[in-house]
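Trainee: Starting off with a structure, shown below.
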Amino acid sequence: MSKRTVLSTLIGVSIVVPCATAFADVVLEPNVIKGQARFSNTNPSVVALLQQLGMSSAQVSAGNSSPSGYTSNTNALVGTPLSRSFELSAESGAGGPGGVTYTMGATGFLYAAAWYPASGQYWFQPVPGVVLQPLAQQPAGTTADIVDCIGLVHVRWGLDPQCNTPFTIGSGSILTSFSASNFMNTSEHYILQRGDASESKPLSITTGNDPTQNTITFSVQLDLHPKCDDIQEICIDMSAYLDGGGALGSLKGPFDVLGEVEEDKTFINAFNGPSGNQRYGYFSPPEMPVAAPATWWTLPNMVPGDYEGYAQGLVRTGRLATHLTTPRMGPSRPAGPMTVQSGVISDLQQNIGGQLRYPFVMEPARFVGKIYLADPFVVANVGAYSSLSALRFSADPPYSSQYPWGTTLRALDIDTYTGQSTTSFEGSFDPASGALASVYDQLVVNTYDIPTRWIQSGLMLDFDDLAAERQGFITMQRDSTDHLLGPGDVAPIDHMYCFNEVELPYSIASGLLFDPYAKVMGGFNGTDWIGSSTSYSVQGTFYGWPKTEPNAATNGMVRLALPQGTYTIQPGSSVKSASGAISTATFAATKLDLGCGQRVTVSPGLSVSAELPLCAASATPDVVGAVASSGVPVDRIWYTVNGGPEIDICASNCGADPQFSAALSLAACGNTIQVFASAGGQTASVTTQTTWEDPNDGVDCEGSCEPPPPSGEACASVDVKPLACEGGGGGYSLTLEIKNELDEPMTYVLLPDPHVSPNVVTLPVPLQPGASTKVTVTVSGVNPGAGVCLNLGMSNPSQNECCSKEICFDVPACCFAVAGQKISCIPGAPGGTFEGSFNFENRTLDTIEHVFLFPPSGVTVSPQYVDVPSTPPGGLAHVGGLSFSGATPGEELCLTVGIHDEEMNECCTDEVCFQVPEPCDKKVPGDPLSPTKNLTAAESCSVGAAGGERGSVVGLLLGLVALGGLARRRRA
């Protein structure tokens, strides 16, 4: 008889082990720390200046030393420019009656009332040894002030040694050990320093007004030594910098990813030149072949010398769109620097291996493989929910983005740590088979085609289903080894995982909680759910409910989707104290061991694991497992089969942390087994499945004890070329490059969609196995911004053999294009606190004047509103001086950015993503960035006009936008 059975169980053990007795259900025991972050200055002159230069807000943080693992932060919004009051909720009960010991820190955000455009922040000296005890010991909490006496450094620019004739600079910046600031269009600037501290730091000054054409940057070393409550004067004679200097030079060249069609615009960036000079540009058409020098990119008016640099481009469309960043050029890089010569237009040709090559004419290499994401629970439990059905793809409506973000594959070069590739894949989760099965093809490119070491940094899954209360992301890295890839090389990596669903309840002993989250880190190393020896790492964050402050409650829930493995989960939440103060706190970590296709509910201090074979060898197999009860005696252990009656394994007095074994009685084919345990008034459970195929009953069970093959017979590989923006209602030309993957000739290409003409394409000659051809059709009656998917069919001459493949493409529509992002770690600041900026090109039909920024849960950004100069359609705007905190070093941080016209009547949203830098004092092996200020171009996370909401504030704002009748347009 057939051995087909339902894939519906766990191989191995699933043990949920809490780290502490009070933990599993996240029980928060907060108390409050109150105080002020303030400047203690009394000098009337200094105080008067601080009234304009001082704090508009502050962020206060608490990091603990004993016991470890607890942090909290809050925004101090009440006070004066010299003093900001705070009330911070933090864990108090983890250390018992003795409490938790914290070190307090504060960051003041500066210059909001300055008489010239400026932004910045000041880092207060930390205050250690703040003990926060539980409410029973400290009913009113505790107090701690964070106090510094600062000195001011007054910098002026002039055209003489005394600065009697002021000179206005275009922009400037300085980063010291105590503060950071950016300023523009001014002849003076004040720097806040800790009083009586001395150091020497470079001041960057830029003249000109267009970084793509004419800005020139100078670097001036300043000796900073203001006394407490004093003002140090510095005059910079700009005549020494403006006179002479010699002729400028330019860079020029082609850009071409050979064999691909470039999309959107190509970005070329030369930076870290002499004195920090930079020049960049966005170029269209994006493909600039060697044979068409009139189309080549040019970076003009550059200070002679060596620069670092890279190129970014987009190829392919829909879910197959791939965003490429080349490995960086530079003096210490394998490709060498971008060298600018005085009075010369340089094309950067080099002799590589006996051939003259341009840096950005590149034959791609690639990572390829299978995608197989399984959740067999839904096969055995028809109608059950799987978070794999909540995966978010940027190419799909309502986002319809040209650029890949969300569920993606990422690759990174490890020779320069700057080359990147981001792409995605087709397909969706099928409840009938319990899997998402697909394949991917991820391109990477190398500067000058020099073979470079690449790693695939991971498969990122982005979950987003608000109705099902699923939101979060994880990144899974299966192969961390590096691959030396040259032109045309291929590195295969398959991604195959079996998923579980976990419910993590939250409760709070005092106050209210909202916007709970859980950060996850772990992985797997061993024999997996299909019997293969494998290993992978997993990290990510999931967000829970209640989402917003108005819905704050004493209980909450975070739902997680995790593949087989062992995990450490770090929970956190926004906490509202009795006085209404808001803090964001982290709490004790817990651990989970997960199998395949399980549903795990975690209760306070209690968890259950169970082990069953994938396919039962008899109708009465043993279920074996354990109850982790944190040392508390277990009252009862019982199980059910297929929702039947409760059967006791242990009826009473089961002991602390017991193990168990019980014989089951199975029905034919699929069986669902739930094992429960109760202790201390709590109940925990685990659900798993097994299949019994009775050889004597003549029943052929559906499904299989082995997983279905990750992909079926390949029909064809189809490269979907981009649609041209020739009209909103029709006239789009769609070109498909089709390769026959079958073992017989194909004559007809079938396109069953009313928007496509013709629907039947008869090939001039039969397409032989392995051969390729191009087919061009017309697409009409679709709207800009729409994402279109259809089944492409192929059939043989007699039409008695056929197959199909889904293809997708975008009808072009844009909100804005993002590039030129920068991030910088801040010396002395904690991990996850950094600065950032980005440029965007307005692709709407309106003039933009307002920009709003909305970070994800647990992260703050200041300012959240930027009044940009009037930016017409096609214009470029800069959003800078952004200060971030609360992020996790190394993770991708995505903001939702809304742009609005002058009257706030028209708007659209995109995401802008940054890679959060490591703390400045943490040296990353091979890190090519400056040790003083790590500036890195971040990824563009362009999104369609409908936007992607992360976090409660964004959802609330966009909901109000919809209620108010504001139009969110899709624009080309």
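Trainee: Picking from Leu110, Leu88, which residue would you name as being of a type in the set (A, V, I, L, M, F, W, C) and over 16 Å from Val32 (Cβ atoms)? If you could, list the steps in order and put the result at the bottom.
Mentor: On the way: Leu88 fails: over 16 Å from Val32 (Cβ atoms).
Of Leu110, Leu88, the one residue that is of a type in the set (A, V, I, L, M, F, W, C) and over 16 Å from Val32 (Cβ atoms) is Leu110.
Trainee: Looking at (1) under 27 Å from Val47 (Cβ atoms); (2) among the small types (Gly, Ala, Ser); (3) outside any strand (DSSP E or B), can you tell me which one Ala180 breaks?
Mentor: Only one criterion in (1) under 27 Å from Val47 (Cβ atoms); (2) among the small types (Gly, Ala, Ser); (3) outside any strand (DSSP E or B) is unmet by Ala180, namely (3).
Trainee: Here's another thing I want to ask about it. Of (1) buried (at least 17 other Cβ atoms within 10 Å of the Cβ); (2) farther than 25 Å from Gly105 by Cα; (3) aliphatic (A, V, I, L, M), Ile146 satisfies all except one. Which?
Mentor: For Ile146, the exception is condition (2).
Trainee: Output the residues belonging to the stretch 51-85 that are among the hydrophobic types (A, V, I, L, M, F, W, C) and in contact (Cβ under 8 Å) with a residue 60 or more places away in the chain.
Mentor: Leu53, Met55, Val60, Ala62 - these are the residues of the stretch 51-85 that are among the hydrophobic types (A, V, I, L, M, F, W, C) and in contact (Cβ under 8 Å) with a residue 60 or more places away in the chain.
Trainee: Kindly indicate whether Pro784 is modelled with pLDDT of 85 or more, surrounded by fewer than 23 Cβ atoms within 10 Å (Cβ to Cβ) and not in a strand (DSSP E or B).
Mentor: no
Trainee: Anything in the stretch 505-542 that is farther than 19 Å from Ala561 by Cα and of a type in the set (Lys, Arg)? List them, or say none.
Mentor: none
Trainee: Also, quick follow-up: Please return the ranges of strands (runs of 3 or more DSSP E) entirely within the stretch 248-307 where 1 or more residues are under 26 Å from Ser401 (Cα atoms) and assigned by TED's automatic domain parsing to the domain that holds Leu320.
Mentor: 262-271, 279-283, 297-302
Trainee: Follow-up question, since we're still on this one. Please determine, by comparing only the residues of the stretch 251-276 that are at pLDDT 95 or above and β-branched (Val, Ile, Thr), which one is surrounded by the most Cβ atoms within 10 Å (Cβ to Cβ).
Mentor: Checked the stretch 251-276; the qualifying residue surrounded by the most Cβ atoms within 10 Å (Cβ to Cβ) is Ile268.
Trainee: Run down Leu484, Leu504, Leu560 and say which single residue is in the same structural domain as Pro327 (by TED's automatic domain parsing) and either assigned to a strand (DSSP E or B) or modelled with pLDDT of 95 or more (or both). First the steps, then the outcome.
Mentor: Working: Leu504 fails: in the same structural domain as Pro327 (by TED's automatic domain parsing); Leu560 fails: in the same structural domain as Pro327 (by TED's automatic domain parsing).
So the residue among Leu484, Leu504, Leu560 that is in the same structural domain as Pro327 (by TED's automatic domain parsing) and either assigned to a strand (DSSP E or B) or modelled with pLDDT of 95 or more (or both) is Leu484.
Trainee: Tell me, which strands (runs of 3 or more DSSP E) wholly within the stretch 566-663 include 3 or more residues that are over 29 Å from the mean Cα position of the chain (by Cα)?
Mentor: 607-611, 622-628, 636-641, 647-650, 659-663
Trainee: Can you tell me how many residues in the stretch 684-714 are modelled with pLDDT of 65 or more and either loosely packed, with under 15 Cβ neighbours inside 10 Å or touching an Asp or Glu at 6+ places or on another chain (Cβ under 6 Å) (or both)?
Mentor: The qualifying residues number 8.
Trainee: Here's another thing I want to ask about it. Quickly run through the stretch 291-320 and pick out the residues that are closer than 13 Å to Ser346 by Cβ and surrounded by 23 or more Cβ atoms within 10 Å (Cβ to Cβ).
Mentor: Leu299, Met302, Tyr307, Gly309
Trainee: Quick test for you: out of Ser40, Ser14, Ser45, pick the one residue that is modelled with pLDDT under 95 and either surrounded by 24 or more Cβ atoms within 10 Å (Cβ to Cβ) or polar (S, T, N, Q) (or both).
Mentor: Every option except Ser14 fails the conditions.
Trainee: In the stretch 387-440, which residues are under 18 Å from Cys498 (Cβ atoms), touching a residue at least 60 places away in the same chain (Cβ under 8 Å) and not in a loop (DSSP other than H, G, I, E, B)?
Mentor: Correct list: Ser387, Leu388, Ser389, Ala390, Leu391, Ala435, Leu436, Ala437, Ser438.
Trainee: Taking the condition of being surrounded by fewer than 17 Cβ atoms within 10 Å (Cβ to Cβ), among the hydrophobic types (A, V, I, L, M, F, W, C), out of contact with any Phe, Trp or Tyr (no Cβ under 6 Å at 6 or more places or on another chain) and not in a loop (DSSP other than H, G, I, E, B), how many residues in the stretch 321-352 meet it?
Mentor: 1
Trainee: Are any residues in the stretch 589-608 under 16 Å from Gly631 (Cβ atoms) and either at pLDDT below 75 or of a type in the set (Phe, Trp, Tyr) (or both), and if so, which ones?
Mentor: Listed by number, the residues that qualify are Ser603, Pro604, Gly605, Leu606, Ser607.
Trainee: Then there is this: Would the stretch 553-570 turn up any residue that is of a type in the set (Gly, Ala, Ser), under 20 Å from Tyr70 (Cα atoms) and buried (at least 22 other Cβ atoms within 10 Å of the Cβ)? Break it down into steps so the answer makes sense when it comes.
Mentor: Of the residues in the stretch 553-570, the ones of a type in the set (Gly, Ala, Ser) are 553, 556, 561, 565.
The next check asks that each one be under 20 Å from Tyr70 (Cα atoms); those that pass are 556.
Retained after the next criterion (residues that are buried (at least 22 other Cβ atoms within 10 Å of the Cβ)): 556.
Among the residues of the stretch 553-570, at least one is of a type in the set (Gly, Ala, Ser), under 20 Å from Tyr70 (Cα atoms) and buried (at least 22 other Cβ atoms within 10 Å of the Cβ), which makes the answer yes.
Trainee: So Thr176 fits all but one of (1) surrounded by fewer than 22 Cβ atoms within 10 Å (Cβ to Cβ); (2) touching a Lys or Arg at 6+ places or on another chain (Cβ under 6 Å); (3) not aliphatic (A, V, I, L, M); what number is the exception?
Mentor: If we test Thr176 against (1) surrounded by fewer than 22 Cβ atoms within 10 Å (Cβ to Cβ); (2) touching a Lys or Arg at 6+ places or on another chain (Cβ under 6 Å); (3) not aliphatic (A, V, I, L, M), just (1) comes out false.
Trainee: Could you list, ordered by first residue, the pairs with Cβ atoms under 8 Å in which the first is in the stretch 284-304 and within 15 Å of Arg357 (Cα to Cα) and the second is assigned to a helix (DSSP H, G or I), at least 6 apart or interchain?
Mentor: Sorted first by the residue in the stretch 284-304, then by its partner, the pairs are Met288/Thr295; Pro289/Thr295.
Trainee: Here's a follow-up. Can you say whether Cys789 is modelled with pLDDT under 80, surrounded by 17 or more Cβ atoms within 10 Å (Cβ to Cβ) and touching a Cys at 6+ places or on another chain (Cβ under 9 Å), as far as the supplied structure shows?
Mentor: Answer is no for this residue.
Trainee: Which count do you get for residues in the stretch 529-552 that are at pLDDT 90 or above and buried (at least 16 other Cβ atoms within 10 Å of the Cβ)?
Mentor: 15
Trainee: Only one of these conditions is not met by Glu426: (1) touching a Cys at 6+ places or on another chain (Cβ under 8 Å); (2) modelled with pLDDT of 95 or more; (3) not β-branched (Val, Ile, Thr). Which number is it?
Mentor: Condition (2) is where Glu426 drops out.
Trainee: May I ask you to list the residues in the stretch 224-255 that are under 30 Å from Val879 (Cα atoms) and either of a type in the set (D, E, K, R) or in contact with a helix residue (DSSP H, G or I) (Cβ under 7 Å, 6 or more places away or on another chain) (or both)?
Mentor: Asp237, Lys252
Trainee: Something else: Of the residues Gln278, Gln312, which single one is in contact (Cβ under 8 Å) with a residue 40 or more places away in the chain and over 26 Å from Thr207 (Cα atoms)? Outline the logic, then answer.
Mentor: Working: Gln278 fails: over 26 Å from Thr207 (Cα atoms).
After applying the criteria, what remains is Gln312.
The values are calculated or read from the model by the stated rules, or taken from the named source; none is laboratory data. None of these values were measured; they are calculated from a predicted model. Heads up, the Cβs are rebuilt from the backbone with ideal geometry, glycines too, and the neighbour counts pull from every protein chain shown.
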